[in-house]
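Data block below; observations after.
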């Protein structure tokens, strides 16, 4: 009877072959599938976050009106503050860690004026801005640390603080379809006087399993658009304490006096 040598012993070959195949082919495939599923879920979670935050802001109860102008505070723990809405949305981001999340909230409202009125304005007591349509706009940004939102001085969406009042990335996003910072198209959220668009954008670096290998992290980004839903025909919504806050009512009035705009129930007409 001939003895088997070490190199002729075929026992366990299948196990070794499986281990090699698993290590070099099946294991990366398995890790990749997990990474794709986790990345997809994180993206969906971020999408739900911006939608929930936009809805929270859209139904925020403003502070009592002054001269028929409603305001939202940028920071604070009251139910009317943008920071409180941001914190509420962060709570729903679980089980994913929200640290490193950056959040931007902006609002664009078309003021009443000859360039925006659907029918001629017969008032003779106003001197309208000669540059055409003018917009009220504000933006407040936040960063998330230790599970809560902290105000930031960035202006990531791009509300403009210049004196032209007629352009800028936020206005282009609100007036174009599909939304674009370059503008263009038609049928955006803001078309007629008193139309309002709330823009919420969020980004978060996503390291995942690939972050252990790759030096450049993937950044997930989502945006949501909403209208302010306060049950009133007075749709002048301001945030005077926001990082950027431009109120153009003075440009529509004679002698620089502050004015407000009032719309009827279906926004078919507006007066200052």
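Please work out which residue is surrounded by the most Cβ atoms within 10 Å (Cβ to Cβ), limiting yourself to the stretch 192-207 and to residues that are part of a loop (DSSP other than H, G, I, E, B) and in contact (Cβ under 8 Å) with a residue 24 or more places away in the chain.
Step by step, filter the stretch 192-207, then rank; the result is 193.
How many residues, within the stretch 228-244, are modelled with pLDDT of 85 or more and either part of a strand (DSSP E or B) or under 16 Å from residue 192 (Cα atoms) (or both)?
The number of residues fulfilling the criteria is 1.
Every residue in the stretch 62-109 that is touching a residue at least 60 places away in the same chain (Cβ under 8 Å) and part of a strand (DSSP E or B), please.
Once the filter is applied, which keeps residues that are touching a residue at least 60 places away in the same chain (Cβ under 8 Å) and part of a strand (DSSP E or B), the stretch 62-109 yields 69, 70, 71, 102, 103, 104, 105, 106, 107, 108, 109.
Report every pair of residues separated by at least 6 positions or lying on different chains whose Cβ atoms are under 8 Å apart, first residue within the stretch 152-163 and within 9 Å of residue 139 (Cα to Cα), second at pLDDT below 90 and surrounded by fewer than 16 Cβ atoms within 10 Å (Cβ to Cβ).
Qualifying pairs under 8 Å: 155/161; 158/181.
The values are calculated or read from the model by the stated rules, or taken from the named source; none is laboratory data. Fair warning: this is a prediction, and the values are worked out from it, not measured in the lab. Every residue, glycine as well, gets a Cβ built from its backbone with ideal geometry; the counts of neighbours run over all protein chains shown.
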